[in-house]
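Reviewing the structure listed below.
The values are calculated or read from the model by the stated rules, or taken from the named source; none is laboratory data. What you see is a predicted model; the values in this text were computed from it and never measured. Here the Cβ positions follow ideal geometry from the backbone for every residue, glycine too, while neighbour counts run over all protein chains shown.
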Amino acid sequence: MTSLETIVNLSRRRGFAFPSSEIYGGLRSAYDYGPLGVELLRNVKNEWWRSMVSARRDVVGIDSAVIQSRRVWQASGHEAVFTDPLVECRGCHQRFRQDRLPKPDQCPGCGRSGTFTEPRHFNLMLRTHMGPVETDDNLVYLRPETAQGIFINFANVLRVSRQKLPFGVAQVGKSFRNEITPGQFVFRTREFEQMEMEWFCLPSEASEWFEYWVDARRRWYLDLGMHPDNLRIRPHGADELSHYSVETVDVEYRFSWGWDELEGIANRTDFDLRQHAEHSGEDLSYFDPATGTRVVPYVIEPAAGATRTTFAFLIDAYRTEQVRGSERVVLGLDPRLAPYKAAVLPLSRKPELVEPASRIADDLSRRLTVEFDVTQSIGRRYRRQDEIGTPLCVTYDFDSLDDQSVTVRHRDTMHQDRVAADRLYPYLVEHLGL
Ligand code: ATP
């Protein structure tokens, strides 16, 4: 199983993610995505958007503000109950989330037992103030989930999109939680990205839709190449359910530290729409033309973490192999997720090869994300591309000058094909499966 350390090292070495504010010692709360990480993260979000929004006529997207009225979070219940149990060790004064302690009574900081304070409810919302004066009246929160931005726009979206029940509203964006103990690289950070969809349906159909979305979301991970043995669906026990949910499952990944959550899928009932209707005075019901009555829809919510899921795809794709006595590191990412779809590599730095190869790269990069690399030996360049997950390498050699063809090397099999330069783009598209 791939260790956390291996992935953290790869990420720093190759440029997937760096600790935020690193030159000032790092914040331990957030990460900055490097040239490869930003592509991978964007591809994960695009694949989610494609499957959840673009490929469906019954889901539309929105992009709501990070800063919303405080009343949103009072109505949703977050101000009162979005808390984690916090304990402090009386010995070393470090603070921990009680429900995540490896041993219930032992401090993971100093190893002492029986030193914890009574747990207190610690609210996870990050606060700030709007405007120049800091008073209670202008206190606002950075959103801890994207979902509420959808609920408060329910009536707007219904009016403009002409959707009929059942339908969904999706959003991808930043969320913020003042986690007591961030950690495990980008798994738990205080600033992160979520991909959430609220599926509005008739209350009588909610259980059926819940099953539908659990299955659809499970298949999304598998379709993008996640290993089935590393993925499971775990129903929540009654004591675990959030304040708004009657049924929840977690989609979990087998990390090196054990099974942990990638996504929660919840039946939120009509809780949120009713709360907002009551607190705002707006009518957030739906007129059902079939029965001629008004109904407050139930909501099924698949809520995934974009940054956390990207991390899981990275771990899942990592493998090492022995090739002719030396170790090869391969990131076997699905081509849809791979940061670069192809790398164009002139065999030598001689201008007679670099110039035509560069023209090929320019031409391809109008339609595909490609890298152009002239440094080091060709063998080393192949290994570098294997390690960052590039599915295909295009080599321009001295024969290319005569036969107008290039060699295409496949990451997974290391198989090589000779391909006419003017057939290169269709060849790549076919073999990438795009
Ligand atoms: P956890 O139990 O891990 O704290 P949660 O159950 O509170 O998470 P949800 O509120 O269901 O999480 O949020 C949906 C998804 O958002 C999670 O499955 C996860 O992928 C992502 N997420 C939540 N908190 C964080 C975080 N601090 N850092 C990164 N991703 C997060």
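Quick look at the values:
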quantity	calculated
Given (1) more than 30 Å from residue 371 (Cβ to Cβ); (2) out of contact with any Phe, Trp or Tyr (no Cβ under 8 Å at 6 or more places or on another chain), number of the condition residue 52 does not satisfy	(1)
Test: residue in the range 143-154 that is exposed (fewer than 12 other Cβ atoms within 10 Å of the Cβ) and either touching a helix residue (DSSP H, G or I) at 6+ places or on another chain (Cβ under 6 Å) or under 20 Å from residue 86 (Cα atoms) (or both)	no
Filter result for residue 354 (hydrophobic (A, V, I, L, M, F, W, C), more than 16 Å from the ligand (Cβ to nearest atom), assigned to a strand (DSSP E or B) and modelled with pLDDT of 95 or more)	no
Any chance residue 194 is within 11 Å of the ligand (Cβ to nearest atom), among the polar types (S, T, N, Q) and touching a residue at least 24 places away in the same chain (Cβ under 8 Å)	yes
Enumeration of residues in the range 153-180 that are touching a Ser or Thr at 6+ places or on another chain (Cβ under 9 Å), away from the ligand (no atom under 11 Å from the Cβ) and part of a loop (DSSP other than H, G, I, E, B)	153
Verdict on residue 163 being at positive phi and either hydrophobic (A, V, I, L, M, F, W, C) or surrounded by fewer than 21 Cβ atoms within 10 Å (Cβ to Cβ) (or both)	no
So residue 294, is it under 28 Å from residue 317 (Cα atoms), away from the ligand (no atom under 15 Å from the Cβ) and loosely packed, with under 14 Cβ neighbours inside 10 Å	no
Test: residue in the range 232-243 that is more than 16 Å from the chain's Cα centre (by Cα), at pLDDT 95 or above and more than 15 Å from the ligand (Cβ to nearest atom)	no
Extreme residue, nearest to the chain's Cα centre (by Cα), among residues of the range 244-280 that are among the aliphatic types (A, V, I, L, M) and modelled with pLDDT of 95 or more	262
Looking only at the range 392-419, and only at residues there that are crowded, with 18+ Cβ neighbours inside 10 Å and among the basic types (Lys, Arg), the one that is nearest to residue 323 (Cα to Cα)	411
Count - residues of the range 181-197 that are within 28 Å of residue 6 (Cβ to Cβ), touching a Pro at 6+ places or on another chain (Cβ under 6 Å) and in a strand (DSSP E or B)	1
Residue tally, condition within 15 Å of residue 414 (Cα to Cα) and without any contact (Cβ under 8 Å) to a residue 40 or more places away in the chain, over the range 320-348	6
Any hit, the range 358-371, residues being surrounded by 15 or more Cβ atoms within 10 Å (Cβ to Cβ), within 18 Å of residue 336 (Cα to Cα) and over 26 Å from the mean Cα position of the chain (by Cα)	yes
Complete set of residues in the range 216-259 that are surrounded by fewer than 16 Cβ atoms within 10 Å (Cβ to Cβ) and assigned to a strand (DSSP E or B)	232, 233, 234, 235, 258, 259
Every residue from the range 197-222 that is of a type in the set (D, E, K, R), in contact (Cβ under 8 Å) with a residue 12 or more places away in the chain and either away from the ligand (no atom under 16 Å from the Cβ) or closer than 13 Å to residue 48 by Cβ (or both)	205, 217
Positions within the range 244-284 being within 14 Å of the ligand (Cβ to nearest atom) and acidic (Asp, Glu), in sequence order	247, 250, 252, 260, 261, 263, 272
Leading residue by the ranking (nearest to residue 224 (Cα to Cα)) among those in the range 398-411 that are touching a Pro at 6+ places or on another chain (Cβ under 8 Å) and not small (Gly, Ala, Ser)	411
Exclusive hit being surrounded by fewer than 12 Cβ atoms within 10 Å (Cβ to Cβ), small (Gly, Ala, Ser) and in contact (Cβ under 8 Å) with a residue 24 or more places away in the chain, set 433, 379, 389	433
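Residue-wise test of (1) more than 28 Å from residue 272 (Cα to Cα); (2) within 16 Å of the ligand (Cβ to nearest atom).
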position: 106; (1), (2): yes, no
position: 125; (1), (2): no, yes
position: 129; (1), (2): no, no
position: 139; (1), (2): no, no
position: 151; (1), (2): no, yes
